2 protein chains.
Amino acid sequence: MTDAPAERGGPVVVALDIGGTGMKCALVRPDGEVAHAERHPTGAERGPAAVVDTILDVAEGLAGRARAEGLTPIACGIGVPGLVDDAAGVAVWSSNIGFRHVPLRDLTAARLGLPTALGHDVRVGGLAETRLGAGRDVAHVLFVAVGTGIAAAHVVGGSATAGAHGAAGELGHILVRPGGPRCGCGRPGCLEAVSSASAIGRRYTELARMAVPPPAGAVFTAAEVVERAAAGEELAGRVWREAVDALADGLATAQALFDVETMVIGGGLARAGARLFDPLRAALRERITFHREPRLVAAALGDEAGCLGAALLALDSLE
Amino acid sequence: MTDAPAERGGPVVVALDIGGTGMKCALVRPDGEVAHAERHPTGAERGPAAVVDTILDVAEGLAGRARAEGLTPIACGIGVPGLVDDAAGVAVWSSNIGFRHVPLRDLTAARLGLPTALGHDVRVGGLAETRLGAGRDVAHVLFVAVGTGIAAAHVVGGSATAGAHGAAGELGHILVRPGGPRCGCGRPGCLEAVSSASAIGRRYTELARMAVPPPAGAVFTAAEVVERAAAGEELAGRVWREAVDALADGLATAQALFDVETMVIGGGLARAGARLFDPLRAALRERITFHREPRLVAAALGDEAGCLGAALLALDSLE
């Protein structure tokens, strides 16, 4: 077909999803197809200014690569963690990267000469899951990312709500266990301190040490806890049940306040599949009284959701 | 002035706020001025069909009265408790009146020959406080009604969010005290079971009976508990502190999820004034970590909020 090369050209969005450890980057076509993907270390230990330099370099490199391949970069979308002022395009605060009021949108737009949109990593992930993934065609969705931390995005009619200060959806920092384990935020009993992947690994490691000293320095991951629980190990089963119960409490609270149709669960913990979803659905059902039980589904886009969502946000901002 | 009578004419909305015990009813001018107000018992013990008849009779009577006074009824707005499908105009479910899928909007529109809007009592109250009351000119507001029960309305840009099934904002039914007092909804530890006016009165009555038997059948109200706590009575102080602490936990959870600028506290408990707001502000401040602390203010419209909000909803639906 003679028109194949022309077909492979066309517009793309330069999309970056900045995490505490790595950056997922892509060239995304308007229909959501990924034309090219690459990853870079964030290098957060170098400080926020160096991270910003890397973001700008990587974005510029992607735009150049697009042009070299006959594609036309039309916009740039960036997702970052922490507090994000979408409207002003400012990364207001981030614990793991150290952003403090970084005008990342305007810096990127100036460097690339492209219209740029900045959003919150979980909110853009929610956007992607709602438009292209597991929440497609659903008007009221809560996207919940359960990994090192826990955060959510309430997506209504295809738009994620940011709140008054870019801090909406912090499901990890709602109280579920008064007097419980201390959270990274400083308060005891937050959902994230009980049900995040890191909390599950930490809790099991602590209790296992008390029971039988493991090899010096042995640290267990949530994935190992899930494996051991499935194999019938009592301690792992207990830690897993406690985490799932607390997560169900958190989701029940979210349902009481948001009243969604579907909850899309993503992040590392969702990889546990039926070992998470079966007991979580049962525990949530127990907690629902007069509310309607939301459909609980696994995220469909994996760790590409952030990049795809950043691209969608950029496309939205062109309209 | 010869034009005074004409000035006192003009358009009005027939507005009804249906509660479990009483109906607050009014003729409301488009600018929010109440031209006439009246109250009727709901008579919920007669069953939902009889309540619907009363609503239609009262609404028709108000429209007739308006015309007799030279006013022009242009619409009707009704606020009801429970689950409300605003879009369909259906009172889906109510525990205290017994509504089950009552198409109240269309019934009223047919009887009155007026465009009619149906909304949730707390959501329309939040609408009124945000447009005419304590949340005026604030884009992100949470209106929290603390009375016999506890419910909230999240009002963004002057519109209250209803959720997928008309059940958003059920702040009274989020878990704050695992294993705590059983709630009317059937679950233990809901905010409403600890911090509502009825829970406060009930808890103090129970504990007072254990300490010193009061006169047979004596039942204390939340207002009496607040009085006694202010007078330095230890038991009342403890019950009041526990209720305020749990309410602060609930508001902190709401702030983590909604991220609002202002929380407007209404309902009977707000009448405690500084005795509520001083300790509640302090307790909420303790619980806020990386989030922005919301402004905590008392509702300004008192128990007229529901009627005014029903009128606003009706006016919105005309547009």
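What follows draws every value from the coordinates through simple rules; no lab data is involved. All of these numbers come straight from a predicted model, not from anything done at the bench. So basically every Cβ, Gly included, is an ideal-geometry build from the backbone, and we count neighbours across all protein chains shown.
Express as a percent, rounded to the nearest 5, the fraction of DSSP beta bridges in region A:137-300 (both residues included) that run antiparallel.
Numbers: 11 of 20 bridges.
Approximately 55 percent, going by the DSSP bridge assignments.
Where the centroid of each part is defined by its Cα atoms, how far is region A:122-189 from region B:23-89 in Å? Cα centroid of region A:122-189 versus Cα centroid of region B:23-89: 39 Å apart. Annotation: the residues B:GLU170, B:GLU45, sorted from fewest to most other C-beta atoms within 10 Å of their own C-beta, follow the order B:GLU45, B:GLU170. Around the amide H of A:GLY77, modelled in the peptide plane, lie the amide H atoms of A:VAL14, A:ALA15, A:LEU16, A:ALA117, all under 5 Å away and 5 or more residues distant in sequence or on another chain. Note that region B:92-101 has calculated 3J(HN,Hα) couplings of 6, 6, 8, 6, 8, 10, x, 4, 9, 6 Hz, one per residue in order, obtained from phi through the Karplus relation 6.51 cos²θ - 1.76 cosθ + 1.60 (θ = phi - 60°); glycine and proline are x.
Note down the Stokes-Einstein diffusion coefficient of region B:1-93 in µm²/s, whole number, using a Kirkwood radius over alpha carbon pairs, 10 °C, and 1.306 mPa s.
On the way: Rh = 14.2 Å.
Rounded, D is 112 µm²/s.
Specify the angular offset, from 0 to 90 degrees and rounded to the nearest 10, of the alpha carbon long axis of helix A:274-287 from the longest principal axis of the alpha carbons in chain A. Helix A:274-287 and the main axis of chain A meet at about 70 degrees. Taken about its Cα centre, region B:194-278 carries a charge dipole of about 340 debye when Lys and Arg each add +1 at the Cβ and Asp and Glu each add -1 at the Cβ. Report, in degrees rounded to the nearest 10, the 0 to 90 angle that the Cα long axis of helix B:48-68 makes with the longest principal axis of chain B. The helix B:48-68 is inclined about 50 degrees to chain B. Can you compute the FRET efficiency between A:ARG67 and A:HIS101 using 1/(1 + (r/R0)^6), with r the Cβ-Cβ distance and R0 = 35 Å? Round to the nearest 0.05. Efficiency for this residue pair is about 0.60.
Computed from backbone phi, the HN-Hα couplings of region A:303-319 come to 7, 7, 4, x, 5, 4, x, 4, 5, 4, 4, 5, 5, 4, 6, 6, 6 Hz, rounded to whole numbers (Karplus: 6.51 cos²θ - 1.76 cosθ + 1.60, θ = phi - 60°; Gly and Pro given as x).
Sorting the segments B:279-290, A:247-258, A:183-194 by their residues' average number of neighbouring beta-carbon atoms within 10 angstrom, most packed first, yields A:247-258, A:183-194, B:279-290.
Neighbour counts of C-beta atoms inside 10 Å place A:SER95, B:SER196 in the sequence A:SER95, B:SER196, starting with the fewest.
To make sure I understand, if each residue's beta carbon is the centre and we count other beta carbons within 10 Å, what order do A:LEU171, A:LEU301, A:LEU104 fall in, fewest to most?
Values: A:LEU171 30, A:LEU301 19, A:LEU104 22.
Lowest to highest Cβ neighbour count: A:LEU301, A:LEU104, A:LEU171.
Taking the dipole about the Cα centre of chain A, with the C-beta of Lys and Arg at +1 and of Asp and Glu at -1, give me whichever of A:LEU235, A:ASN96, A:PRO81 is farthest to the positive side. Going by the Cα projections, it comes out as A:LEU235.
Using unit Cβ charges (K, R positive; D, E negative) and no other charged atoms, how large, in debye to the nearest 20, is the dipole of region B:136-299 about its Cα centre?
Numbers: 17 positive and 16 negative charges, 36 e Å.
Rounded to the nearest 20 debye, it is 180 debye.
Quick one: work out the % antiparallel among DSSP beta bridges in the protein assembly as shown, nearest 5. The antiparallel fraction comes to roughly 55 percent. May I ask for the angle, rounded to the nearest 10°, between helix B:197-211 and the longest principal axis of chain B, with both axes built from Cα atoms and the value confined to 0 to 90°? Its long axis makes an angle of about 30 degrees. Taking the Cα centre of chain B as reference, the dipole from Cβ charges on Lys and Arg (+1) and Asp and Glu (-1) amounts to some 720 debye. Close amide-amide hydrogen proximity is noted between B:HIS36 and B:LEU27, each under 5 Å apart and 5 or more residues distant or on a separate chain (H modeled in the peptide plane; Pro and chain starts excluded).
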